[in-house]
Structures are given as structure tokens and as C-alpha cells.
Amino acid sequence: MAQRQTQVAVFKKTLADKTVSDDVRSYDLSWLLHLIGDLHQPLRATSRFTHAELNGDAGGNDVKIRCTKCGSARELHAFWDGLLGPTSAPPQDAIDAAADLRAADAGSTDENDWIQESFQIAKTSVYAPPIRGGDGPYKLTQAYQSREHRIANQRIALAGARIAAILNDAFK
């Protein structure tokens, strides 16, 4: 996590530096977009540590799940990665989904704050029942799936608003 946090700060600075070549700025922009998305996904901001898992659960990758509408997801992390739709979806699916998102106020553009937000969401919601201590498998209830889908939509809208604020600042 610390490496992502450090790189976001470096990429933001490079993007705003008009003396840096367009090649470098465009490269850094693509990574900045990726990392901002990562930092808004709660399971990329933490790993659950227990007496049984002294090395953590790999951000939910070791937590097994079962659910009827989870597609091919068999781990909690994969479930979260799939909440916004499959990565193989056509671009129009992303455009249609974006139309359903509520506008979000960017709030903080400090990556440290984003990590703390994601960490709190992981603690209070992602690792909430039916997820318990241990590796499962846990049957995800419809209520749990609906709640996490709402959170994922809020997080992606917030990430987009923050990206827009960073770009507006960098390109003034």
C-alpha cells in the first residue's frame, strides 16, 4: 500500500509539471488512473490479520465465498473486483453504468485520506457478516451483495470526481 501511495504522489506531481515531456506525463497518467482506482477499492487498502492468518488474508483473496449472482468469483477480493461488471464488457457497458452514477464531490485529493476511507469501509462493511474470521467459504446474502454494490458505485464515482479534480489542477 505504501508503494501505491508514494507512486500516486509522484505521478500527480509529474502530471502537473509542464517541463516534463508529454511521453512521460502520458505514461504517468495511465498509471495514476489505475492506482487511484485501486486505492478506492477497499480490499486493496487492507488485509485482515488474525491469530490463524498471521500473514493476512491477501486483501480478501484467501477468503472463499459462495453466492448465486457472483459470476465466477470464488474469493471475496474477486467478488469486489467484479461488482462494477466484467473487465471484458464492451465500452458501452461502462458508458451506460456511468450514466447511473450519482455525481460525487471530490472531497479530499490526498491519497492518504483515500486509503483511510477504504480501510474503514473494509473494517465496517466488507468484513462484516456474513463474512467472519477465517477463510470460509461464506454464503453472501442478497443484502450483503446489494450493500457492497452500492458502496462500489459510490467509490467509483468518488474516484472519478477525484481524478477530474487532479486533472483540472494539473492542466490549469
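No value in this document is a laboratory result; all are computed from the given coordinates. What you are looking at is a predicted structure, and each value in this text was computed from that prediction instead of being measured. Reconstructed Cβ throughout: ideal geometry from the backbone, glycine too, with neighbour counts over all protein chains shown.
Please say if the range 1-85 is rounded, prolate or oblate, where rounded means a/c under 1.5 for a ≥ b ≥ c the square roots of the C-alpha gyration tensor eigenvalues, and otherwise the choice is prolate for a/b larger than b/c and oblate otherwise?
In terms of gyration-tensor shape, oblate.
Count the lysine pairs in the chain whose Cα atoms lie under 27 Å apart, taking only pairs 8 or more positions apart in sequence or on different chains.
Lysine pairs satisfying the spacing and distance rule in the chain number 8.
Once you order the gyration tensor axes a ≥ b ≥ c over the Cα atoms, which shape class does the chain get: rounded for a/c under 1.5, otherwise prolate or oblate by comparing a/b with b/c?
prolate
Using a simple charge model, +1 on the beta-carbon of Lys and Arg, -1 on the beta-carbon of Asp and Glu, nothing else, what dipole does the chain show about its Cα centre, in debye to the nearest 20?
Dipole of the chain, to the nearest 20 debye: 480 debye.
Could you give the distance between the Cα centres of the range 118-133 and the range 1-37, to the whole Å?
The two parts, judged by their Cα centres, are 30 Å apart.
To the nearest 500 deg cm²/dmol, what mean residue ellipticity at 222 nm is calculated for the chain from DSSP H runs of n ≥ 4 alone, each contributing -39,500 (n - 2.57), summed and divided by the residues?
Value at 222 nm, helices only, nearest 500: -16500 deg cm²/dmol.
If you take every residue apart from Phe79 with its C-beta less than 11 Å away from the C-beta of Phe79, what net charge results, scoring Lys and Arg +1 and Asp and Glu -1?
In short, +1.
Going by amide H atoms built from the backbone, whose H comes under 5 Å of the H on Ile65, apart from near neighbours?
Result for Ile65 returns Glu75, Leu76, Tyr138.
Going by alpha carbons, how many degrees (0 to 90, nearest 10) lie between the helix axis of 22-39 and the longest principal axis of the chain?
Value to nearest ten degrees: 30.
What's the ranking of 52-61, 19-28 by average number of surrounding C-beta atoms within 10 Å, highest first?
The densest-packed peptide leads the list: 52-61, 19-28.
Taking only Cα atoms, what is the 0 to 90° angle, nearest 10, from helix 142-170's long axis to the longest principal axis of the chain?
Around 10 degrees separate the two axes.
Taking Cα atoms, how many degrees apart are the long axis of helix 2-16 and the longest axis of the chain, rounded to 10 and kept between 0 and 90?
Roughly 30 degrees, rounded to the nearest 10.
Taking neighbour Cβ counts within 10 Å as the exposure measure, how do Lys12, Lys172 sort from fewest upward?
In increasing order of surrounding Cβ atoms, one gets Lys172, Lys12.
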